[in-house]
Each structure stands twice: as C-alpha cells, then as structure tokens.
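Here is the structure we will look at, set down as structure tokens.
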Amino acid sequence: MLGKILELRFLRLNQSSNTKLGTVSTPRLGNGSIRVLHVVDCASGVAAAIRSYTESTPEIVHQIYFMRRRDVASSTGYIDMPEGVRVVENERVLWKEFGRIRKLVQEYRPDVVHCHSSWAGGVTRLSIVRSRHRRILYSPHCFAFERGDLSKPTRRLVRVFELALSLNTSRYVCCSTREQRLARRLKFGRSGSSYVANCPDRRFIFNLPLGHVRSTGEPVRVIGVGRVSSQKAPNWFADVARRVKGLGEAVPIEFIWVGGGDPVLESSLRDAGVIVTGWLDEEGVAKSMAEADIYLHSAAWEGFPVALLNAVAMGLCPIVRDIPAMHGFEAMCARSPYSAAVQIMEALKRPEYASERLMDWRALLADNRREVQRRQLLAAYGLEYA
C-alpha cells in the first residue's frame with residue numbers, strides 16, 4: 001500500500017512536469033561535464049567518500065549540501081574540498097529540509113542529484129522527482145534495513161520503505177559488491193545499480209614501514225576510529241581489549257579510540273582501559289593513526305569502511321571483525337573478540353605475521369584506488385571514461 005501511494009505521487013508530480021518516470025538520461029554540457037548535487041547528513045567516512053568522488057572527477061561540477069546534525073561540529077569533514085566544490089551547510093531540521101532541497105535544485109539545476117546515507121537519501125527522494133533531465137542517484141553507505149540496533153519488524157518496515165523509494169531512484173551507487181547485490185533485490189522501482197569502490201584518503205597515506213609494530217619497550221598502540229555509537233560497536237572493541245590483557249601482554253599495550261559520541265558507550269570503553277580521545281579534526285585523526293601500530297575494526301554493520309582503507313594504506317596491521325560487509329574477506333577476519341585478541345597477540349609476538357597480514361589486505365584491496373573509482377563513478381553518472 002505504501003509503495004502504491006508513493007508511486008501515484010511520483011507519477012502525478014512527473015506528469016505535471018511533462019516527463020516520463022521510466023526514462024532517464026544524463027545530458028552533457030558543452031565541455032562534456034555535468035553538474036552533480038550531493039545531499040548528505042553524515043560526516044566522517046561518508047565525507048571522505050564524497051571528497052574522493054570530487055577529487056577523482058575534477059571535470060564534473062560538484063556541489064554539496066550538508067544537513068548537519070546538532071551533535072556534529074560545523075563543516076566537520078567538508079572542509080578542504082577540492083577547489084571549485086561549493087559546500088552549503090544548514091543544521092538539520094526535518095520539516096525545513098524538503099523546501100531547502102527543492103530550492104537548491106531549482107537554483108543549481110543539477111543533472112544528477114546524488115544523495116548519501118539513509119536519512120538524506122529518504123528526505124531527498126521525497127522532496128524531488130527524477131526525470132529525463134535530472135537523475136537521482138542514491139548511495140546507501142549501508143542500507144538502513146541492515147542496522148543491528150533495530151528490531152526485525154522495524155527492519156522489515158524500513159526495507160518496504162526503501163522498496164517504495166526505489167520508484168524514485170534512477171540508480172543505486174554502492175560501495176561494495178555485496179551492497180550492490182542487495183540493491184539489485186530492490187526490484188520494485190526498476191532502478192539500476194553500480195559499484196563504485198571507496199578509496200583511502202590521500203592525506204592518510206604516510207608510507208609507514210610494513211608491519212608497523214614496535215619491538216621496543218614503547219607501548220604498542222591498538223587504535224579504533226569513528227563515532228562512539230552502536231554501529232561502531234565499541235563494546236566489542238572493549239571486549240577485545242579486556243581479552244588481550246587476560247591473555248597476558250608480552251609488551252605494554254595501549255588501546256585508543258579516536259572519536260566521541262554516546263557518553264554511556266564512551267564509559268564502557270574507559271572501563272576496559274581504552275583511551276577515548278573525543279572528537280579530533282582530520283589532522284588529529286591522521287596523527288593518531290600515524291602513531292598507532294594495529295588497527296582494530298569493530299563495527300557491527302557497514303557499507304565498506306574508509307577507515308580500514310586508510311589504515312591499510314598507512315601500514316597499520318589490520319584486525320577486522322567478520323560482518324556481512326566483509327563478504328569475500330572472511331578468511332582474514334575475526335569472528336569473535338577472542339579471535340581478534342589472539343590475532344593481536346600473534347602480531348605482537350611475530351612481526352613477520354603483522355607484515356604478511358598487511359600485505360594480504362593490500363592485495364585484497366588492490367582495486368580500491370582512484371583510477372578504478374574514477375572509471376566506475378563516471379559510468380554511474382552516465383559519462384564515458386577518459
């Protein structure tokens with residue numbers, strides 16, 4: 001019923017503009033480029049992904065509309081964008097966003113509206129309608145119906161809502177092949193799908209020695225990065241920290257979480273002896289990662305983590321939780337906190353293990369690079385690769 005109501009709404013709006021819902025195209029401008037409006041309400045990894053999109057396709061005219069949550073600092077993640085990329089920012093207010101998005105579209109006249117993540121993706125696709133001259137692309141960065149903090153009935157309802165919104169989605173732009181498979185199952189709206197690889201942030205590549213694990217008396221630093229929230233599963237990270245200490249430390253170890261968020265979850269980290277830095281700017285995050293030895297990725301659900309790509313590019317030994325987003329990488333992942341603790345201890349005892357592990361991850365992520373991303377993104381936007 002929800003899908004039928006939304007379908008009728010989209011059809012009526014489209015008929016009023018003399019366009020046909022099922023036919024979409026991307027017109028070329030005189031210089032072969034197009035205008036893309038990114039609509040987003042997330043910082044951190046999503047901001048890094050959008051920055052890499054703009055850097056990979058300089059011939060495209062990009063504009064970003066950032067609906068900032070109240071608990072996020074102004075312009076977090078959206079500073080230092082490439083020259084020519086305009087960023088418009090407002091504090092997120094639901095009832096105002098529909099009008100704000102429509103106004104931006106009218107003023108900017110984009111050929112492509114590319115919305116990112118669940119909240120911005122839903123609001124955007126309820127605010128405007130795709131047409132022959134304006135495609136709507138949606139990047140889930142992890143579909144909301146995969147959230148582990150929602151009940152099964154709620155996840156089913158969210159999936160139905162996404163099925164309905166697929167009627168107003170020209171193409172899904174997915175950050176992993178698994179996410180693309182999920183998008184292909186959303187058959188209700190006849191939407192296409194593309195896989196566009198996430199890439200490490202160039203500012204986080206320091207070419208550190210392979211297997212950057214200390215052998216001196218200096219503490220080994222195990223680092224996690226991101227918002228302290230149920231999605232990042234800080235309790236899993238804290239459990240690993242406790243288990244490493246329970247196994248006996250061959251050398252002094254510091255567990256560090258770079259980021260801030262839920263005060264209760266922050267307390268659970270500190271109770272396990274984890275140092276919580278709170279929010280740092282990007283320079284501070286890069287510095288903290290450069291001083292670390294092991295990257296522990298504890299997230300319970302993901303699209304595909306940019307922080308992991310940054311850590312591997314920087315030469316940190318990655319210890320990664322086995323979750324559905326890691327499909328294809330299962331053999332390299334830890335299925336439990338105990339398994340992750342054992343892998344950390346092995347990296348401490350045998351530096352060659354850390355080096356081999358890093359090299360294996362680099363081989364697995366070999367296609368997560370700018371040249372590949374550029375080709376995939378241009379194809380998703382309907383432009384030829386050059």
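What to note about this one:
- Any hit, segment 317-324, residues being under 13 Å from V225 (Cβ atoms) and surrounded by fewer than 21 Cβ atoms within 10 Å (Cβ to Cβ): no
- Hits in segment 138-168 (condition: touching a Ser or Thr at 6+ places or on another chain (Cβ under 6 Å), under 16 Å from G192 (Cα atoms) and not small (G, A, S)): Y138
- Residue match in segment 347-359 (condition: assigned to a helix (DSSP H, G or I) and within 29 Å of V173 (Cα to Cα)): yes
- Of the criteria (1) surrounded by fewer than 19 Cβ atoms within 10 Å (Cβ to Cβ); (2) in contact with a strand residue (DSSP E or B) (Cβ under 6 Å, 6 or more places away or on another chain); (3) modelled with pLDDT of 75 or more, which one T19 fails: (3)
- Residue match in segment 110-123 (condition: over 17 Å from the mean Cα position of the chain (by Cα) and either modelled with pLDDT under 90 or among the acidic types (D, E) (or both)): yes
- Selection count where residues are more than 19 Å from the chain's Cα centre (by Cα) and in a loop (DSSP other than H, G, I, E, B), scope segment 151-177: 3
- Looking across segment 278-295, the residues that are in contact with a strand residue (DSSP E or B) (Cβ under 9 Å, 6 or more places away or on another chain) and either of a type in the set (D, E) or part of a helix (DSSP H, G or I) (or both) come down to G284, V285, S288, M289, E291, D293.
Residue-by-condition table, conditions (1) of a type outside the set (K, R); (2) under 30 Å from Y195 (Cα atoms); (3) in contact (Cβ under 8 Å) with a residue 60 or more places away in the chain:
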| site | (1), (2), (3) |
| --- | --- |
| E254 | yes, no, no |
| I275 | yes, no, no |
| D293 | yes, no, yes |
| G303 | yes, yes, yes |
| L316 | yes, yes, yes |
| R321 | no, yes, yes |
| P337 | yes, no, yes |
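- Any chance Q373 is without any contact (Cβ under 8 Å) to a residue 60 or more places away in the chain and surrounded by 21 or more Cβ atoms within 10 Å (Cβ to Cβ): no
- Output for segment 29-45, where each listed residue is among the charged types (D, E, K, R) and at pLDDT below 90: D41
- Taking every residue in segment 109-131 that is more than 19 Å from Y381 (Cβ to Cβ) and pairing it with any residue that is among the basic types (K, R) and part of a helix (DSSP H, G or I), at least 6 positions away or on another chain, the pairs with Cβ-Cβ distances below 6 Å are S127/R102.
- Some residue of segment 246-259 being part of a helix (DSSP H, G or I) and surrounded by 22 or more Cβ atoms within 10 Å (Cβ to Cβ): no
- Index of the failed condition, T54 passing every other in (1) at pLDDT 90 or above; (2) more than 19 Å from the chain's Cα centre (by Cα); (3) not charged (D, E, K, R): (2)
- Inspection of segment 266-281 finds a residue satisfying the criterion of being under 13 Å from I223 (Cβ atoms), assigned by TED's automatic domain parsing to the domain that holds S229 and modelled with pLDDT under 90.
- Hey, S355 of a type in the set (G, A, S) and touching a residue at least 24 places away in the same chain (Cβ under 8 Å) or not: yes
The values are calculated or read from the model by the stated rules, or taken from the named source; none is laboratory data. Owing to the predicted nature of the structure, the values given are computational and were not obtained by experimental measurement. Methodologically, a virtual Cβ is constructed for each residue, glycine included, from the backbone with ideal geometry; neighbour enumeration extends over all protein chains shown.
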